[in-house]
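Worksheet for the structure shown next.
Taken together, the values in this text are just the output of simple stated rules run on the coordinates, not laboratory data. These numbers come from a predicted model, not from an experiment. As a convention, Cβ positions derive from the backbone with ideal geometry for all residues, glycine included, and neighbour counts pool all protein chains shown.
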Amino acid sequence: MAIFRAIYSSARNFSSATARSLRVCVVGSGPAGFYTAEKMLKAHEGAEVDIIDRLPTPFGLVRSGVAPDHPETKIVINQFSRVAHNERCSFFGNVSLGSSISLSELRQFYHVVVLAYGAESDRALGIPGEDLNGVHSAREFVWWYNGHPDFSNLAPDLKSTDTAIVLGQGNVALDVARILLKPPTELAITDIASHALAALKESSIRKVYLVGRRGPVQAACTAKELREILAIKDLYVNIKETDLLKTSADEEEMKTNRIRRRVFELLSKASSSSASRPSPGQRELHFTFFQKPEKFLESNDQSGHIGGVNFEKTILKGSASSGNQIAAGTGEYEDLECGLVLKSIGYKSVPVDGLPFDHSKGVVPNIRGRVLSSSRFAQPEGGLYVCGWLKRGPTGIIGTNLYDAEETVASISDDIEKRERISTSTKQGREGLLQLLESRKIQVITFSDWEKIDSEEKRRGSLIRKPREKLTTWKDLLEVATR
Ligand code: NAP
């Protein structure tokens, strides 16, 4: 609490001693949140920007989503840390929109609220058996190996089976398949959570099926990520030659989409250069196309554990020119046995009370980042904006959020200039926020508290030749942050 009082009093002196008047709150400290904060600070010298996050740690997807063997993608943390050190910017972690503070309270304290809290749930297939043990979403698995405190105790069973099925063929599917197949010695030098590394070292999974409901031309991954998984040491890759037969609609689709063409070429090359069968003990990656999951099957011992997936064979129908060939069932079914399923069919955003939300698209209805009010999504709401996956859906790479933030900040700047939608009355901003959180006894984690976590993780990592050894429980994170 002493730390908290220090923040509170410095915020009070700070606001009365300067002419800063535009109070901005960004909810979510992932790429969309930090890019928005950076753009706002640059565009408005009078702006004071507070970033809140429900976790005690900043950086969202960069910390919890990016694969541990992709350290180069995490370098952007340096840029975000510089933003957090800007004297007009503050980070307040362990503050959850919806439980620590409501959206309407935030809107009372701030002139501008930008929601950038991403997509913390998953699309569901809605087929029988989805709740069997051993069926996880890829997000849960990713959070587990990345040490997210909500999923550090997921404990996926990697020991009682040699086969995993990954549903979906996007880059997240490739990430989880790669983590399952890569030699653990190569993961041991990354910042992978120690519980995940230990489980992967003991894993008996040797075969991973990456299953798509459409064909190799429509696989949602990108070439760089595909090349990376195909390059795993001593990996047997299997792709049925019949799946690689292209239709004229496929040719048409590839003509207008360079990424699709490149992915198809890589898959064809992998198919032709692979041996006809795996050598004993070799790890296997099977790309399976034109299969739609129909139901999850319980294992024979009736233990409530996954034993396989029943698929319906598909063919493609629809227009190729707009990339819209869709998978239609053929009425032919087949079972594939496994002991683990990772559903990688897309992330989903979750609304909070008082937030207009388009449930069919899973996004906040908006025009160029201006949130549209819930009455038929007609009028923009005053002072409320959105950015990132919550705005456009769960697609794109980290850099996509830079352009997204530019668009949202341009809308805010436009509204300020035209004196539209944004209140000109004095707002309490940070002072009001911290007072309320103190009254609710919420332990706020500042950026310097996070830096204590950061140093401790790096210190622990240096002892075992890892870049960091992540703290993976709420208790440890909060304890180290407030030492
Ligand atoms: P994604 O790229 O949208 O892929 C989703 C996959 O799920 C597609 O194969 C899709 O097939 C399939 N799918 C969706 N609904 C399905 C259903 N009902 N039944 C069967 N399959 C279904 O999503 P993601 O892999 O979660 O990735 C999210 C974003 O993060 C992407 O933009 C991705 O590129 C990015 N990302 C990038 C990296 C990187 O750059 N290294 C790493 C991870 C993620 P259809 O095509 O048939 O719908």
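Overall dimensions of region 137-226, expressed as equivalent-ellipsoid semi-axes from the Cα gyration tensor (√(5λ), whole Å, largest first), are 23, 14, 13.
Every pair of different Cα atoms in region 401-479 enters the Kirkwood calculation, which places the hydrodynamic radius at 16.6 Å. Pair-distance distribution of region 31-139: all C-alpha pairs, bin width 5 Å, starting at 0; shares per bin in whole percent are 2, 9, 18, 19, 17, 13, 9, 6, 4, 2, 1, 0. Taking only the C-alpha atoms of the chain, Rg followed by Dmax gives 24.0, 74 Å. In this Cβ point-charge picture (+1 for Lys and Arg, -1 for Asp and Glu), the chain has a dipole of about 920 debye about its Cα centre. Helix 447-462 axis versus longest C-alpha principal axis of the chain: approximately 40°, rounded to the nearest ten. Per the Cα gyration tensor, region 175-223 maps to an equivalent ellipsoid with semi-axes of 26, 13, 8 Å, ordered largest to smallest.
Ellipsoid fit via the Cα gyration tensor, region 224-327: semi-axes of 28, 22, 11 Å, each the root of five times an eigenvalue, largest first.
Across region 123-343, Cα pairs under 8 Å and at least six residues apart give a relative contact order of 28 percent. With contacts taken as Cα pairs under 8 Å and at least 6 residues apart, the chain reaches a relative contact order of 22 percent. Projecting the Cα atoms of A328, T222, F91 onto the charge dipole of the chain, computed from C-beta unit charges around the Cα centre, puts F91 farthest toward the positive end.
Cross-link check: pairs K224/K255; K295/K317; K391/K466; K295/K361; K201/K313; K182/K458 evaluated at a Cα-Cα cut-off of 26 Å; pairs beyond the cut-off: K391/K466; K201/K313.
At the listed q of 0.11, 0.12, 0.16 Å⁻¹, the Debye profile of region 123-343, built from one uniform point per Cα, gives log10 I(q)/I(0) equal to -0.54, -0.65, -1.15. Modelled spin-label separation between S21 and S374, with each label point placed 7 Å from Cα along the Cα-to-Cβ direction: 3.3 nm.
Derived scalar couplings between HN and Hα for region 120-127 equal 9, 9, 10, 5, 10, 7, x, 10 Hz in order, rounded to whole Hz, by the Karplus curve 6.51 cos²θ - 1.76 cosθ + 1.60 (θ = phi - 60°), x for Gly and Pro. Assuming R0 = 41 Å, what is the FRET efficiency of W474 and S160, from their Cβ-Cβ distance, to the nearest 0.05? After rounding to 0.05, the efficiency reads 0.90. Here the Debye sum runs over all C-alpha atoms of region 343-404 as equal scatterers in vacuum, and log10 of I(q)/I(0) at q = 0.29 Å⁻¹ comes out as -1.29. Spin-label pair N78-E202: with each label point 7 Å from Cα along the Cα-Cβ axis, the two points sit 3.8 nm from one another.
Taking all Cα pairs closer than 8 Å and separated by 6 or more residues, the relative contact order of region 163-269 comes to 35 percent.
The charge dipole of region 123-343, taken about the Cα centre with unit charges on the Cβ atoms of Lys, Arg (+1) and Asp, Glu (-1), comes to about 840 debye, rounded to the nearest 20.
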